[in-house]
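Scroll down for the structure; my scribbles are underneath it.
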Ligand code: ZN
């Protein structure tokens with residue numbers, strides 16, 4: 001993959017002159033986009049709280065507060081705010097904050113053919129961890145039109161930073177739907193891979209530098225990850241690298257809601273789900289793995305199972321409203337640096353921030369950027385000199 005002409009590389013502590021692989025794709029010099037990348041580029045998983053006038057910021061699946069007539073305008077304004085919040089905090093690879101979606105899965109599905117939204121059923125999702133009202137698959141999955149084309153172009157037009165765009169991964173989509181047509185989760189996932197790939201190609205054309213597939217279901221259905229989950233993911237990401245974008249997968253232990261906290265309490269002293277999935281992902285085509293670390297019981301040694309993949313390291317716990325100190329973030333990064341070289345590390349959040357109060361999210365983003373800066377300062381020091 002060619003490196004963006006404007007990209008700046010930073011010497012590693014070992015003195016290597018360039019990054020092993022660019023963090024973001026090469027197509028983004030258009031429109032004067034600046035991709036000046038420092039070492040340890042910061043990012044967020046994807047979502048940010050919505051402004052109170054758009055939807056309740058502390059509720060999942062919160063209904064919109066604006067009428068249909070005002071909703072488009074309100075969502076566009078909210079994206080500008082989300083970009084501004086990230087830029088002010090010092091986040092390097094930004095997102096649209098998922099301000100135009102009520103939920104990270106259903107936001108993508110709303111415009112798909114083959115899904116009946118008039119009939120919602122309540123099912124247990126993530127292996128019955130919690131209940132959700134979901135639509136029903138009643139026919140072949142069809143992407144009749146681009147889903148997020150307008151959003152990506154709007155975000156691209158209003159930031160000069162590298163832009164990440166998130167999509168739900170095929171396995172997580174299948175787990176957040178009721179199916180009355182396919183009768184086979186793998187077949188349904190593979191059909192979603194096809195439409196996800198179509199959508200991702202349009203997002204790259206619209207200016208996205210990183211396409212991230214969110215797959216929290218990967219931490220739940222470990223056998224399915226091995227038999228078809230990563231195959232479906234690779235299929236969704238097929239060919240995106242040749243378009244000059246980087247690909248990522250986000251795998252976490254979920255938002256900071258009670259059902260997830262209760263589940264985590266059952267996982268024992270060491271959370272070993274990644275032990276099963278990381279080696280498979282290391283052999284996949286995906287460039288970056290976004291994972292949960294802050295406040296978790298994930299053994300850091302598991303990072304070594306990721307081969308040469310880039311790591312988006314969750315250094316911000318979204319399950320607590322307590323804002324981390326920069327020193328806590330720095331300690332999280334330094335601990336990971338024992339197992340992954342700085343060139344392959346990008347400090348991030350554990351998961352989406354949509355259920356958090358806006359001021360808490362702002363504080364956490366600042367802590368993420370400030371804590372990363374503390375570590376960068378140490379890396380820049382001449383090696384081997386007093
Ligand atoms: Zn997550």
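A few notes on this one:
- Flag if residue 239 is in a loop (DSSP other than H, G, I, E, B) and more than 16 Å from the chain's Cα centre (by Cα): yes
- Enumeration of residues in the range 318-357 that are more than 24 Å from residue 39 (Cβ to Cβ), away from the ligand (no atom under 16 Å from the Cβ) and touching a helix residue (DSSP H, G or I) at 6+ places or on another chain (Cβ under 8 Å): 321, 323
- Output for the range 283-317, where each listed residue is away from the ligand (no atom under 16 Å from the Cβ), closer than 30 Å to residue 244 by Cα, part of a loop (DSSP other than H, G, I, E, B) and out of contact with any strand residue (DSSP E or B) (no Cβ under 6 Å at 6 or more places or on another chain): 283, 284, 285, 307, 308
- Within the range 47-73, the set of residues being modelled with pLDDT of 90 or more, in contact with a strand residue (DSSP E or B) (Cβ under 9 Å, 6 or more places away or on another chain) and surrounded by fewer than 14 Cβ atoms within 10 Å (Cβ to Cβ) comprises 63 only.
- Residues in the range 34-46 that are at pLDDT below 85 and in contact with a strand residue (DSSP E or B) (Cβ under 8 Å, 6 or more places away or on another chain): 35, 37.
- When the criteria are applied in full, residue 271 meets the requirement of being within 16 Å of the ligand (Cβ to nearest atom), more than 20 Å from the chain's Cα centre (by Cα) and in a loop (DSSP other than H, G, I, E, B).
- Which listed residue is farther than 26 Å from residue 167 by Cα and either outside any helix (DSSP H, G or I) or in contact (Cβ under 8 Å) with a residue 40 or more places away in the chain (or both), from 362, 366, 376: 376
- Options 249, 195: the member that is crowded, with 20+ Cβ neighbours inside 10 Å, within 16 Å of the ligand (Cβ to nearest atom) and not in a loop (DSSP other than H, G, I, E, B): 249
- Cross-chain or 6+ apart pairs with Cβ under 6 Å, the range 237-258 first and closer than 17 Å to residue 48 by Cα and touching a residue at least 40 places away in the same chain (Cβ under 8 Å), then within 10 Å of the ligand (Cβ to nearest atom) and in a strand (DSSP E or B): 250/214; 250/290; 252/292
The values are calculated or read from the model by the stated rules, or taken from the named source; none is laboratory data. The model shown is predicted, which means the values in this text are computed figures rather than measured ones. All Cβ positions, even for glycine, are placed from backbone atoms using ideal geometry, and neighbour counts span all protein chains on display.
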